[in-house]
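Take a look at the structure below.
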Amino acid sequence: MTRALLLPALLAAAVLPAAAAAAEDQKDATRTETIAGLVRIVGAQAGIVLYCRKFYTVDDAVSEGLSRTVRRALDVSLGHRQAQTVIAAEGRRVAEEIAAVGAEQWCADQREILNTDGVRVFID
């Protein structure tokens, strides 16, 4: 009888740490993905402000509010110094992307993406 109870207990004890580790890995992956998305938002808003005004009217209040909110979240998540580092790297990446595809195309793509997502950064 003791053997019959011991085997399921041992199996459960072996499975639980693996399940906990898998859940922790998933949590870390989700956090990393979320932070990357937030960083991309800041980079996109900077690119929009710097390049897209030539082609479209930008709602400064929406753009600035979005950027400010995301920067605060990154400061809390990463710490101010690390947040500034990843934001600067994203700014360089966005500038390279804009240089590669051209500002007009990049801005048109951003406008389409944001309009699809319901974020009204572009007024027209």
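In table form, for the structure just shown:
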read-out	value
Residue count for segment 76-91, restricted to those that are within 16 Å of Gln45 (Cβ to Cβ) and out of contact with any helix residue (DSSP H, G or I) (no Cβ under 9 Å at 6 or more places or on another chain)	1
Selection status of Glu104, within 17 Å of the chain's Cα centre (by Cα), at pLDDT 95 or above and surrounded by 12 or more Cβ atoms within 10 Å (Cβ to Cβ)	no
Some residue of segment 84-94 being more than 25 Å from Thr32 (Cα to Cα), open to solvent by 80 Å² or more (accessible area, probe 1.4 Å), over 14 Å from the mean Cα position of the chain (by Cα) and at pLDDT 95 or above	no
Some residue of segment 40-51 being basic (Lys, Arg) and out of contact with any Cys (no Cβ under 8 Å at 6 or more places or on another chain)	yes
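Condition check ((1) exposed (fewer than 14 other Cβ atoms within 10 Å of the Cβ); (2) under 13 Å from the mean Cα position of the chain (by Cα)) across all residues:
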{"site": "Ala29", "(1), (2)": "yes, yes"}
{"site": "Arg40", "(1), (2)": "no, yes"}
{"site": "Gln45", "(1), (2)": "no, yes"}
{"site": "Cys52", "(1), (2)": "no, no"}
{"site": "Val62", "(1), (2)": "no, no"}
{"site": "Ala73", "(1), (2)": "no, yes"}
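The values are calculated or read from the model by the stated rules, or taken from the named source; none is laboratory data. From a predicted model like this one, the values you see are computed outputs, not experimental measurements. Heads up, the Cβs are rebuilt from the backbone with ideal geometry, glycines too, and the neighbour counts pull from every protein chain shown. In case anyone asks, the SASA skips ligands and DNA or RNA and just uses the protein heavy atoms, side chains included. Shrake-Rupley method; radii C 1.70, N 1.55, O 1.52, S 1.80 Å.
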